[in-house]
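Each value in this text was obtained by applying a stated rule to the coordinates, not by laboratory testing. Worth saying up front: this structure is predicted, and the values here are computed from it rather than measured. Neighbour counts are summed over all protein chains in view; Cβ atoms, including those assigned to glycine, are modelled from backbone coordinates with ideal geometry.
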């Protein structure tokens, strides 16, 4: 027994000398001790003798692999012993904490403003459209109508003839306007007469000279065609039809006040002047050549000028063509004005033009809103071509007048028949 105690004491001393964390083995009595196992493989290699490691001297808990964590402990240990390898794997990292919830992109107050804007814009558009529509309808309703069903020809096909009349009534004009104050001329006369033809092939206009010598329908007597207007629009329409042998489908009349208002509503019209020009009788004064934008007052003076004078190389040259030159200037003006008015896409501008026209516009009662819209579309972005009615000067009762130059006149009039 003494020998056994000494052996046990020696083993204890060796165990203490090994220090903590060192594995040691106790050989079986009378046997040869096996070499100590490789520390890196001690967890995977099964023991080869009857000695066993002491748990309290192990360096610490062995990390478990993911497969060991998911399988039952006993089965995992048996599998490790059976396979001879249980690889060491690092412990899984703890899951990352969930990202904090982000704040809303915009505060509630901003959302409220966006909602109000989304609602307000359509409402404003509807209000604006309703206002424009109301103003246009009110202006259209205020246009004067005249019954000419007894003298107008019914429309047949897609081609329509309009008789456009510019009245020289000074009603509503400022007496200081150079084209003539209210005290200068009383009553109404047709200062400008134009036949406008609109069809699928395009549009064309022809001026009828105010001094054209014709047979007046209401009296059967000879006289200037502008005097036929004194008996009313119906008499003028019938006189044009009888003397020129052309159909007239619709009648439109505009006074001086409306004439100037339309130009101002369009923001002016641009006329190309080859030379500086003036007319002291109509009030026209243009001090430069080239494109010039005229307001309503100057445009009216240009269209009515009968003493059109140009400054050419320091000299003043009066237009020798007199009434013929005036017709050409009127046609140039109307081509530009009709083209700009028909091509306008600005609803505010269209309403302003309609309001300006309504104060002095007279239409036959068969000319409806759809007809006016169709006329505007036909003239949209285009200028009607102009033709000149061939005439020649003559003296009738001591007065200078114009008569039709036949057969050339019939050739031109054939395009309107």
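The table below lists the values:
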item: Most to least packed among 364-371, 209-216, 298-305 [average Cβ atoms within 10 Å]; result: 298-305, 209-216, 364-371
item: The stretch 142-416: projected area of the alpha-carbon convex hull, averaged over directions, in nm²; result: 15.0 nm²
item: Fewest-first ranking of 206, 252, using other Cβ atoms within 10 Å as the exposure measure; result: 252, 206
item: Relative contact order of the stretch 142-416, defined on C-alpha pairs under 8 angstrom at six or more residues apart (%); result: 23 percent
item: Distance (nanometres) between label positions extended 7 Å along Cα→Cβ at residue 311 and residue 116; result: 5.9 nm
item: Principal axes of the stretch 353-417: Cα extent on each, largest first, Å; result: 44, 27, 23
item: Least to most buried among 123, 317, 350 (fewest other Cβ within 10 Å first); result: 123, 317, 350
item: Inter-label distance, nm, simple model (7 Å from Cα along the C-beta direction), residue 369/residue 245; result: 4.1 nm
item: Of all DSSP beta bridges in the stretch 142-416, antiparallel share, percent nearest 5; result: 75 percent
item: R0 of 25 Å, Cβ-Cβ distance residue 131-residue 295: FRET efficiency to nearest 0.05; result: 0.40
item: Neighbour-count order for 404, 236, 284, fewest beta carbons within 10 angstrom listed first; result: 404, 284, 236
